[in-house]
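Undergrad: Before anything else, here's the structure in question.
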Amino acid sequence: MTELTYEAYLDEVTTLLTELYDLDDATAIKLVVDAQSAEYFSPHDDHPAMRTLTRAREDAVALYKARQARVDTQAKQQRAARRKTPPRNGRG
């Protein structure tokens, strides 16, 4: 398998996010930058054998699924918070 440079690898993951999940460029870039800031890609930097096209697809899927899980959790938390808020009755 062909090993990519670290930068090319991140570009590939970003491109796959836009192609597989129809994310706009800014959202895909933010997802990769946030993952990079959280050191998700540190092993990839240290081990060039991890930077393959197959692994890029796997990482794109993992990042997207993690994003969706966060979005789902936030939505559940917001629904729970709305249920705890007493209804307004116009009296004050």
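The values are calculated or read from the model by the stated rules, or taken from the named source; none is laboratory data. Predicted, not measured: the structure shown is a model, and the values here were computed from it. All Cβ positions, even for glycine, are placed from backbone atoms using ideal geometry, and neighbour counts span all protein chains on display. Keep in mind that these areas ignore ligands, DNA and RNA; they rest on the heavy atoms of the full protein, side chains included. Shrake-Rupley method; radii C 1.70, N 1.55, O 1.52, S 1.80 Å.
Undergrad: Within region 13-29, how many residues are charged (D, E, K, R) and either within 18 Å of ARG51 (Cβ to Cβ) or buried (at least 20 other Cβ atoms within 10 Å of the Cβ) (or both)? Spell out how you get there, then give the answer.
TA: Residues of region 13-29 that are charged (D, E, K, R), as a first pass: 19, 22, 24-25.
Then drop every residue that is not either within 18 Å of ARG51 (Cβ to Cβ) or buried (at least 20 other Cβ atoms within 10 Å of the Cβ) (or both), which leaves none.
Total satisfying the criteria: 0.
Undergrad: Anything in region 30-49 that is open to solvent by 40 Å² or more (accessible area, probe 1.4 Å), of a type in the set (A, V, I, L, M) and in a helix (DSSP H, G or I)? List them, or say none.
TA: Keep residues of region 30-49 that are open to solvent by 40 Å² or more (accessible area, probe 1.4 Å), which gives 30, 33-34, 36-40, 42-43, 45-49.
Still in the running and of a type in the set (A, V, I, L, M): 33, 38, 49.
If the condition is that a residue be open to solvent by 40 Å² or more (accessible area, probe 1.4 Å), of a type in the set (A, V, I, L, M) and in a helix (DSSP H, G or I), then VAL33, ALA49 are the ones that fit.
Undergrad: When both residues are 6+ apart or on different chains and their Cβ atoms are under 8 Å apart, which pairs have a first residue that lies in region 1-12 and is more than 12 Å from THR54 (Cβ to Cβ), and a second that is part of a helix (DSSP H, G or I)?
TA: Close Cβ pairs (under 8 Å, with a partner that is part of a helix (DSSP H, G or I)) amount to TYR6/HIS44; TYR6/ASP45; LEU10/VAL32; LEU10/GLN36.
Undergrad: Restricting attention to region 50-83, report how many residues are assigned to a helix (DSSP H, G or I), surrounded by 12 or more Cβ atoms within 10 Å (Cβ to Cβ) and either without any contact (Cβ under 8 Å) to a residue 12 or more places away in the chain or of a type outside the set (Ser, Thr, Tyr) (or both). Quick ask: steps written out before the conclusion?
TA: So in region 50-83, the residues assigned to a helix (DSSP H, G or I) come out as 50, 53-83.
Adding the requirement that they be surrounded by 12 or more Cβ atoms within 10 Å (Cβ to Cβ) leaves 50, 53, 55-64, 66-67.
Now narrow it down to the ones that are either without any contact (Cβ under 8 Å) to a residue 12 or more places away in the chain or of a type outside the set (Ser, Thr, Tyr) (or both): 50, 53, 55-63, 66-67.
Of the residues in that region, 13 qualify.
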